[in-house]
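Engineer: Dumping the structure here so I can ask a few things about it.
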Amino acid sequence: MNTQTLLTGQTLTFSGNPFEIPWEDCIHINRTGAVLLDAGRIVIVGDAETLKTQHPQAKTISYGDDLICPGFVDAHTHYPQTAMIASWGKRLIDWLNTYTFPEEARFSDPEYAEAIATRYLDLTAANGTTTMASFATIHPHSVDALFGAAQKRGQCVVTGKTCMDRNAPDDLRDTAQSAYDDSKALIECWHGKGRAQYAITPRFSPTSTPEQMSALGALWAENPDCLMQTHLSEQTDEIEWVRSLYPQARDYLDTYEAHGLLGARGLYGHSIHLTPREIDRLAEVKGRVIHCPTSNTFIGSGALNLPALAARHIPLGLATDTGGGSSFSMLRTMAAAYEAAQHHGQALHAAQLIWLATAGSANALHLGHEIGSLTAGNYADIAVLDLKSTQAINQRANRSGSVWEDVFATLMMGDDRAIRATWIAGVAVHG
Ligand code: GUN
Ligand code: ZN
């Protein structure tokens, strides 16, 4: 049976990191490219006419001038916050107490968790996102709900039970021991099964006692191939609170390090207001900084100086932080990342932005050998972008002098209307 599919269009490929070498030397667009898919994987990326001749049996899908890119990888999100995204008028701690915790409490109902997990994966697929690292809720079945829904789609998802044993409502608190036991059981059940990847998930230092932090640090030491995801230095009030809760700590990052929660497989969401010592330490251990720019403006947290961290060779990912972030769209997130860097006098190139949203995030999750680039052997997780998706973008594209100008207009002004198609493991799940 013929299972091969050939997607033709403009193809985007990478041969290096555009934060380490000039983007022109490592990010390539083939105006007449093609990607051959077979059995859920990418077989080869090349020139359309050549691949058509070499693989006449393949079913061809022509995307014209659309841009065929790797599917977007959202490196920090909260799927349980899907239904309360865009909640008005609060900063971080009030926002958590007013909107987030009541919504997460609804996940005590496994059916609600399953319904939101499905809705979330539909919404993200419509936005070209093929993998995400999502926080779940305190309820173990909220992890089952997302992994289960992803498994049905052949989708690679990272998630973990959110652990909190203080400074949270009664119905959203676990204990040091139950957090350890429940997380361990979920790792045994899910981690590495199909495409599921478990992340040990202390929400952030204020909602875990030192005992819980230590228990999760021990669990990570016992399962070193798991990821660990949390929040770091998002708002100045939060940092003050952490200082009062952990008087011995040198700084916020040290609250994690002191409990075995600092490492290269650690994902530190936000990381906006870092001290020089924290930056040095993250650079030393290659801890992952996950940039959440729509959230950082929506909740009023600040503008991350991403180029400064890139200059220190800290591995970086890009993320929506739904629903602190105001969008499910990684295109909107790339636009916000551009704007945040402009606050620091730096202009990120479109090639750097799209690399961050794909290979950068995939590398941050230690999954770059399977996703995040159109590379032979990788999963066929693909987003196809219409570079003329709205009147406003189309008239700008008509004026543009290069394909990169076209791409930049879509990154700055595009949204789900720009997503022509989304493929997961070789299956078109959207478009
Ligand atoms: N810090 C702790 N929990 C959260 C959360 O759910 N969203 C954001 N943006 N920051 C947090
Ligand atoms: Zn978050």
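The values are calculated or read from the model by the stated rules, or taken from the named source; none is laboratory data. Remember, predicted model here, so these are calculated numbers, not experimental data. We place every Cβ from the backbone using ideal geometry, glycine too, and count neighbours over all the protein chains shown.
Engineer: Across the stretch 397-431, what is the number of residues that are in a helix (DSSP H, G or I) and in contact with a Gly (Cβ under 9 Å, 6 or more places away or on another chain)? I'd like the intermediate steps shown before the answer.
Structural biologist: In the first step, residues of the stretch 397-431 are kept if they are in a helix (DSSP H, G or I); the result is 397-399, 403-413, 416-418.
Now drop any that are not in contact with a Gly (Cβ under 9 Å, 6 or more places away or on another chain), which leaves 416, 418.
Within the stretch 397-431, residues that are in a helix (DSSP H, G or I) and in contact with a Gly (Cβ under 9 Å, 6 or more places away or on another chain) number 2.
Engineer: Quick one: count up the residues across the stretch 1-29 that are surrounded by fewer than 21 Cβ atoms within 10 Å (Cβ to Cβ), under 26 Å from the mean Cα position of the chain (by Cα), assigned to a strand (DSSP E or B) and of a type outside the set (A, V, I, L, M, F, W, C).
Structural biologist: 2
Engineer: Right, something else. Within the stretch 307-355, work out how many residues are closer than 21 Å to S402 by Cα and either in contact (Cβ under 8 Å) with a residue 24 or more places away in the chain or within 16 Å of ligand 1 (Cβ to nearest atom) (or both). Talk me through it step by step, then tell me what you get.
Structural biologist: Within the stretch 307-355, the first condition is being closer than 21 Å to S402 by Cα, and the residues that meet it are 331, 334-335, 338, 347-355.
When the remaining residues are screened for being either in contact (Cβ under 8 Å) with a residue 24 or more places away in the chain or within 16 Å of ligand 1 (Cβ to nearest atom) (or both), the result is 331, 334-335, 338, 348-355.
Final tally of qualifying residues: 12.
Engineer: Name the single residue, out of those in the stretch 133-148 being hydrophobic (A, V, I, L, M, F, W, C) and touching a helix residue (DSSP H, G or I) at 6+ places or on another chain (Cβ under 7 Å), that is nearest to ligand 2 (Cβ to nearest atom).
Structural biologist: Quick first cut of the stretch 133-148, residues hydrophobic (A, V, I, L, M, F, W, C) only: 133, 135-136, 138, 143, 145-147.
Cutting the leftovers down to touching a helix residue (DSSP H, G or I) at 6+ places or on another chain (Cβ under 7 Å) gives us 136, 138, 143, 145-147.
On the way: A136: 12, I138: 15, V143: 16, A145: 18, L146: 15, F147: 19 Å.
Per the criteria, the residue is A136.
Engineer: Taking A303 and the conditions (1) away from ligand 2 (no atom under 13 Å from the Cβ); (2) of a type in the set (G, A, S); (3) under 16 Å from the mean Cα position of the chain (by Cα), which numbered condition does it fall short on, given that it satisfies the others?
Structural biologist: With (1) away from ligand 2 (no atom under 13 Å from the Cβ); (2) of a type in the set (G, A, S); (3) under 16 Å from the mean Cα position of the chain (by Cα) applied to A303, the lone miss is (3).
Engineer: Follow-up question, since we're still on this one. Condition (residue is closer than 30 Å to L385 by Cα, part of a loop (DSSP other than H, G, I, E, B) and touching a helix residue (DSSP H, G or I) at 6+ places or on another chain (Cβ under 9 Å)) applied to the stretch 168-181: is it met by at least one residue?
Structural biologist: If we filter the stretch 168-181 for residues that are closer than 30 Å to L385 by Cα, which is where we start, we get none.
Within the stretch 168-181, not a single residue is closer than 30 Å to L385 by Cα, part of a loop (DSSP other than H, G, I, E, B) and touching a helix residue (DSSP H, G or I) at 6+ places or on another chain (Cβ under 9 Å).
Engineer: Continuing with the same structure: Scan the stretch 186-237 residue by residue and report those that are charged (D, E, K, R) and crowded, with 17+ Cβ neighbours inside 10 Å.
Structural biologist: R195, R203, E234
Engineer: Another one. Given the conditions (1) away from ligand 1 (no atom under 15 Å from the Cβ); (2) assigned to a helix (DSSP H, G or I); (3) hydrophobic (A, V, I, L, M, F, W, C), which single one is not true for V158?
Structural biologist: V158 satisfies every listed condition except (2).
Engineer: Report, by residue number, each residue of the stretch 360-396 that is of a type in the set (A, V, I, L, M), under 19 Å from A336 (Cβ atoms) and part of a helix (DSSP H, G or I). Don't jump to the end; show me each part of the working.
Structural biologist: Just the residues of the stretch 360-396 that are of a type in the set (A, V, I, L, M), to begin with: 362, 364-365, 367, 371, 374, 376, 380, 382-385, 387, 392-393.
Right, trim to under 19 Å from A336 (Cβ atoms) and you get 364, 383, 385, 392-393.
Those that are of a type in the set (A, V, I, L, M), under 19 Å from A336 (Cβ atoms) and part of a helix (DSSP H, G or I): A364, A392, I393.
Engineer: Assess whether E104 counts as being of a type in the set (D, E) and in contact (Cβ under 8 Å) with a residue 60 or more places away in the chain. Let's see the steps before the verdict.
Structural biologist: Numbers: of a type in the set (D, E): yes; in contact (Cβ under 8 Å) with a residue 60 or more places away in the chain: yes.
In short, yes.
Engineer: Would you point out which residue out of P80, P70 is in contact with an Asp or Glu (Cβ under 8 Å, 6 or more places away or on another chain) and within 16 Å of ligand 2 (Cβ to nearest atom)?
Structural biologist: Numbers: P70 fails: within 16 Å of ligand 2 (Cβ to nearest atom).
None of the others qualify; the one that does is P80.
Engineer: Looking at the stretch 174-220, which of its residues are of a type in the set (K, R) and within 16 Å of F135 (Cβ to Cβ)? Spell out the reasoning first.
Structural biologist: Quick first cut of the stretch 174-220, residues of a type in the set (K, R) only: 184, 193, 195, 203.
Hit for the stretch 174-220 is R203, nothing else.
Engineer: Hey, another quick one. Need the failing condition index for L318 against (1) within 16 Å of ligand 2 (Cβ to nearest atom); (2) more than 30 Å from G40 (Cβ to Cβ); (3) among the aliphatic types (A, V, I, L, M), just the number.
Structural biologist: All conditions pass for L318, except number (2).
Engineer: Test R91 against the criterion of being out of contact with any Leu (no Cβ under 6 Å at 6 or more places or on another chain) and away from ligand 2 (no atom under 16 Å from the Cβ), and give yes or no. Working first, answer last.
Structural biologist: Working: out of contact with any Leu (no Cβ under 6 Å at 6 or more places or on another chain): yes; away from ligand 2 (no atom under 16 Å from the Cβ): no.
So R91 does not fit the description; no.
Engineer: So is L365 of a type outside the set (D, E, K, R), touching a helix residue (DSSP H, G or I) at 6+ places or on another chain (Cβ under 7 Å) and surrounded by 24 or more Cβ atoms within 10 Å (Cβ to Cβ) or not? Before the answer, list the steps.
Structural biologist: Details: of a type outside the set (D, E, K, R): yes; touching a helix residue (DSSP H, G or I) at 6+ places or on another chain (Cβ under 7 Å): no; surrounded by 24 or more Cβ atoms within 10 Å (Cβ to Cβ): yes.
Considered against the rule, which asks whether it is of a type outside the set (D, E, K, R), touching a helix residue (DSSP H, G or I) at 6+ places or on another chain (Cβ under 7 Å) and surrounded by 24 or more Cβ atoms within 10 Å (Cβ to Cβ), L365 comes out as no.
Engineer: What number of residues within the stretch 64-105 are away from ligand 1 (no atom under 16 Å from the Cβ), surrounded by fewer than 20 Cβ atoms within 10 Å (Cβ to Cβ) and at negative phi?
Structural biologist: So the first thing to find is which residues in the stretch 64-105 are away from ligand 1 (no atom under 16 Å from the Cβ), and the list is 64-73.
Checking the rest, the ones that are also surrounded by fewer than 20 Cβ atoms within 10 Å (Cβ to Cβ) come to 64-65.
Now drop any that are not at negative phi, which leaves 65.
Looking only at that region, the number is 1.
Engineer: Please state which of the following conditions S400 fails to meet, knowing it meets all the rest: (1) modelled with pLDDT of 95 or more; (2) surrounded by fewer than 20 Cβ atoms within 10 Å (Cβ to Cβ); (3) in contact with a helix residue (DSSP H, G or I) (Cβ under 6 Å, 6 or more places away or on another chain).
Structural biologist: Result: S400 fails condition (1) only.
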